[in-house]
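Heads up, the thing below is written out as structure tokens.
The values are calculated or read from the model by the stated rules, or taken from the named source; none is laboratory data. Please read these numbers as outputs of a predicted model, since none were measured by experiment. Cβ coordinates were reconstructed from backbone atoms using ideal geometry, including for glycine residues, and neighbour counts include every protein chain displayed. What goes into the accessible areas is simple: the full protein's heavy atoms, side chains included, and nothing from ligands, DNA or RNA. Shrake-Rupley method; radii C 1.70, N 1.55, O 1.52, S 1.80 Å.
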Amino acid sequence: MANISTRFFGLDLKSPVIAASSSMTGHAEQVVKLAEAGAGAIVLKSIFEEEIFSELQEELALRTGLNSDPEYLDYFDYVIKEDTLRKYLHLISDVKAKTTVPIVASINCVSSSEWTLFARKIEEAGADALELNMFVTPSDVTKTSETGESFYLEAIQKVLQVVKIPVTVKISHYFSNLAGMVKKMSETGIAGITIFNRFYNPDIDIQSETVVVSDVLSTQHDYLLPLKWTGILSGQIKIDLSATSGIHSAETAIKFLLSGASSVQVASVIYHEGPSAITRMNQGISDWMDQKGYKTIADFKGSLSHSASSAQAWERTQFMKYFGEKTF
Ligand SMILES: Cc1cc2nc3c(=O)[nH]c(=O)nc-3n(C[C@H](O)[C@H](O)[C@H](O)COP(=O)(O)O)c2cc1C
């Protein structure tokens, strides 16, 4: 049987299929099941600075008029943060005691000052690595792209200064110079980059004429954007890439490995199918490698990346040659 071990998060993983951060990785029993199903690593649900902030707002709303002294409010901010952090640290130590699979903590902060406190405590609790789930919606028309980019680079630097465990960064594709930004991040000292996080997008109900919640889960066709950028970026940066979004099958996972990813991170397929989706994907990757005569992932990883194959194929964006061929 083929050896499907790989490397990501600066760690050796038994499989390139990683359970991505989601609400399913926020409970110890589920993490154990994902590990038993053969996940190469498990990224715990992110601890969200925004969530802590909204809890604080609720608490304040309840207490409106009772006490609005700034010091009192600061105290509540502190208590809620401590409580959220305490539960998260407990989750880390609990799953570390129950399984040997690498456990990756994930933090999402919107102000870079909070990252270091969370990161340090997470390392102390025993996480094997830390993924920074970074995203600031670039919706402020008065801000320059440099402001947004410096937020990412500063936050990464601050975290790297306070922890020794490997740090990776999970990003979106919303950068004005995506390739240049990935290159800059790859040179900071992080161990890897995960592309691209999937976000909740609102939709519109035309009957009620309201903004509504769209489908949260991906479909098996949503993988082409991260595939394209894995192909373009993998040969041009020196650190490992992991891919996420729309990866539901071994076949799609293999496409990412061929394009240069070291691993894939899956969430929606686990929501649809349960942890056995990971077992199925591991088996499919192994069967394909046997059929092709590949003994290790290194034998084929990146063989179809931008630098290994035709750069033109990865960079083509226009439908040029398809125009005018359709007759009615
Ligand atoms: C319900 C749900 C919750 C998620 N929560 C997080 C999270 O806390 N942190 C994070 O970095 N990504 C989160 N994600 C994104 C996933 O980790 C994953 O990157 C994304 O869904 C794309 O993979 P998929 O197409 O396999 O779902 C979440 C996704 C879903 C569907």
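Restricting the first member to region 295-307 and to residues that are under 12 Å from residue 3 (Cα atoms), and the second to residues that are of a type in the set (A, V, I, L, M) and outside any helix (DSSP H, G or I), the beta-carbon pairs closer than 8 Å and six or more apart or on different chains are 295/2; 296/2; 297/4.
Among the residues of region 276-299, those identified as touching a helix residue (DSSP H, G or I) at 6+ places or on another chain (Cβ under 6 Å) and surrounded by fewer than 20 Cβ atoms within 10 Å (Cβ to Cβ) are 284, 288.
Residue 237 - would you say it is of a type in the set (Val, Ile, Thr), away from the ligand (no atom under 15 Å from the Cβ) and more than 25 Å from residue 134 (Cβ to Cβ)? Against the criterion (of a type in the set (Val, Ile, Thr), away from the ligand (no atom under 15 Å from the Cβ) and more than 25 Å from residue 134 (Cβ to Cβ)), residue 237 does not qualify. Under the condition of being buried (at least 22 other Cβ atoms within 10 Å of the Cβ) and part of a loop (DSSP other than H, G, I, E, B), the residues counted in region 23-41 number 3.
Taking residue 54 as the residue in question, decide whether it is open to solvent by less than 60 Å² (accessible area, probe 1.4 Å), hydroxyl-bearing (Ser, Thr, Tyr) and at pLDDT below 95. Judged against the criteria, residue 54 is a match. Within region 209-221, none of the residues are among the β-branched types (Val, Ile, Thr) and open to solvent by less than 10 Å² (accessible area, probe 1.4 Å).
Would a scan of region 204-222 turn up a residue that is away from the ligand (no atom under 12 Å from the Cβ) and touching a Leu at 6+ places or on another chain (Cβ under 9 Å)? Checked region 204-222: no residue is away from the ligand (no atom under 12 Å from the Cβ) and touching a Leu at 6+ places or on another chain (Cβ under 9 Å). Is it true that some residue in region 133-144 is farther than 17 Å from residue 242 by Cα and in contact with a Gly (Cβ under 8 Å, 6 or more places away or on another chain)? Among the residues of region 133-144, at least one is farther than 17 Å from residue 242 by Cα and in contact with a Gly (Cβ under 8 Å, 6 or more places away or on another chain), which makes the answer yes.
The set of residues in region 220-239 being under 17 Å from the mean Cα position of the chain (by Cα) and of a type in the set (S, T, N, Q) consists of 230, 234. Taken across region 286-298, residues that are among the aromatic types (Phe, Trp, Tyr), more than 16 Å from the ligand (Cβ to nearest atom) and in contact with a Phe, Trp or Tyr (Cβ under 7 Å, 6 or more places away or on another chain) do occur, with at least one present.
Of all residues in region 169-191, those that are within 19 Å of residue 138 (Cα to Cα) have Cβ atoms under 6 Å from Cβ atoms of residues that are open to solvent by less than 30 Å² (accessible area, probe 1.4 Å) and among the polar types (S, T, N, Q), 6 or more apart or on another chain, in 170/133; 170/194; 170/197; 172/197.
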